[in-house]
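These notes concern the structure reproduced below.
Computed from the coordinates by the stated procedures, all read-outs in this text should not be read as laboratory data. Please read these numbers as outputs of a predicted model, since none were measured by experiment. Cβ placement follows ideal geometry from the backbone for every residue including glycine, while neighbour counts extend to all protein chains displayed.
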Amino acid sequence: MLSSITPLGQRGRGGSWARTVFAFWIGAIVAGGAVFGLPGLFGEAVGVSSLNPWYAFAVLCLAFALDLAKVHAPGPRRQVDEDWLGRYRDWVTGLGFGLQLGSGFATIIPTFGTWALYLIALGAGVPTAVWIGVGFGVGRSLLLLTTRFVRSPSALAETMRRFTSAENLSRWASIAGYAVVILVLGANVT
C-alpha cells in the first residue's frame, strides 16, 4: 500500500495524492476512535472503566515481552485490497484504506501493542479510549507522509529500498518506544 499511495502512483491513476492521504487520515482517525471507544464503552457498562493503573502497566509489559520474543500477534493475515487503487476514486480508496488500517484489526496486526491498547481502552472509559484510538489512527497514517516526494520511478525504488533496509531499525525503535512508555508508566504508578 505504501508504495502505491505516492504522488507518482496517484498521478498515474489520474488522482490526487493529497486528497487520498487526507481521506486516509479521516478514515483512520474515525475508525480508531470508534473501534477503541467500543471497549471503553463496554468497560463502563460492566464497571471496569476505572481500573488500577497497574493493569495498564501489566498489559504493556506482557505485550512488550511477547513482541521482544518475536511471537506473532494473532489476527488476520491480509492487507488492504490494492485492486481498489484503479477501481475507485482516490478519496474512496483513501477513506477505505484508512478505515481498515485505523481500526487496527481488519488487516495484519504486526505487534501485540495493538492488542495492549485495546485492553487498556477497556479499562480507560470512553473519552480516554476514544483518544487512544484517535492516536492509533494518526500513528497508522503518518507513514504516508514519507512518500510525499516520490515523483519518479527511481525515487520510488529508493524510498522502498530505505524502508526495507530500515526494517530491523524499526523493530528496535518499537522496542525502545515500549520501554520508554513502560518506564514512564511504571514510575507514575504508585
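Using +1 at the Cβ of each Lys and Arg and -1 at the Cβ of each Asp and Glu in the chain, identify which of Y178, S50, T146 lies farthest towards the dipole's positive end.
T146
Give the label of the value calculated from the structure for semi-axes √(5λ) of the Cα gyration tensor in Å, choosing from [x] 28, 20, 12; [y] 27, 19, 17; [z] 32, 20, 13.
[z]
Which value, in debye to the nearest 20, describes the size of the charge dipole of the range 1-82 about its Cα centre when Lys and Arg Cβ atoms bear +1, Asp and Glu Cβ atoms bear -1, and nothing else is charged?
Working: 6 positive and 4 negative charges, 73 e Å.
Dipole about the Cα centre, nearest 20: 360 debye.
By how many degrees, between 0 and 90 and to the nearest 10, does the Cα long axis of helix 167-188 differ from the longest principal axis of the chain?
30 degrees
Would you mind working out the magnitude of the charge dipole of the range 7-188 relative to its Cα centre, with +1 at each Lys and Arg C-beta and -1 at each Asp and Glu C-beta, to the nearest 20 Debye?
My answer is approximately 580 debye.
State to the nearest 20 debye the size of the charge dipole of the range 69-153 about its Cα centre, where the only charges are +1 on K and R beta carbons and -1 on D and E beta carbons. Intermediate values should be presented prior to the final figure.
Working: 8 positive and 4 negative charges, 33 e Å.
For the range 69-153, the charge dipole is close to 160 debye.
Name the trypsin sites (Lys or Arg not before Pro) in the range 36-142 that are in a loop by DSSP and that have at most 11 other C-beta atoms within 10 Å, would you?
Of the trypsin sites (Lys or Arg not before Pro), the ones in loops of the range 36-142 whose Cβ has at most 11 other Cβ atoms within 10 Å are K70, R77, R78.
Could you work out how far helix 90-103 tilts from the main Cα principal axis of the chain, as a 0 to 90 degree angle to the nearest 10?
Long axis of 90-103 versus the principal axis of the chain: about 20 degrees.
Which FRET efficiency, nearest 0.05, do R87 and L41 yield, Cβ-Cβ r, R0 30 Å?
On the way: r = 35 Å, r/R0 = 1.15.
Rounded to the nearest 0.05, the efficiency is 0.30.
Can you compute the modelled spin-label distance between A73 and R171, with each label point 7 Å from Cα toward Cβ, in nm?
Label-label distance for A73 and R171, simple model: 1.6 nm.
Taking Cα atoms, how many degrees apart are the long axis of helix 17-46 and the longest axis of the chain, rounded to 10 and kept between 0 and 90?
Once rounded, one gets 20 degrees.
Can you run phi through the Karplus equation (6.51, -1.76, 1.60; θ = phi - 60°) for the range 49-57 and list ³J(HN,Hα) in whole Hz, with x for Gly and Pro?
7, 10, 5, 4, x, 5, 4, 4, 4
Extending each Cα 7 Å along its Cβ direction at A157 and T128, get the distance between those two points in nm, one decimal.
The modelled label-to-label distance comes out at 5.1 nm.
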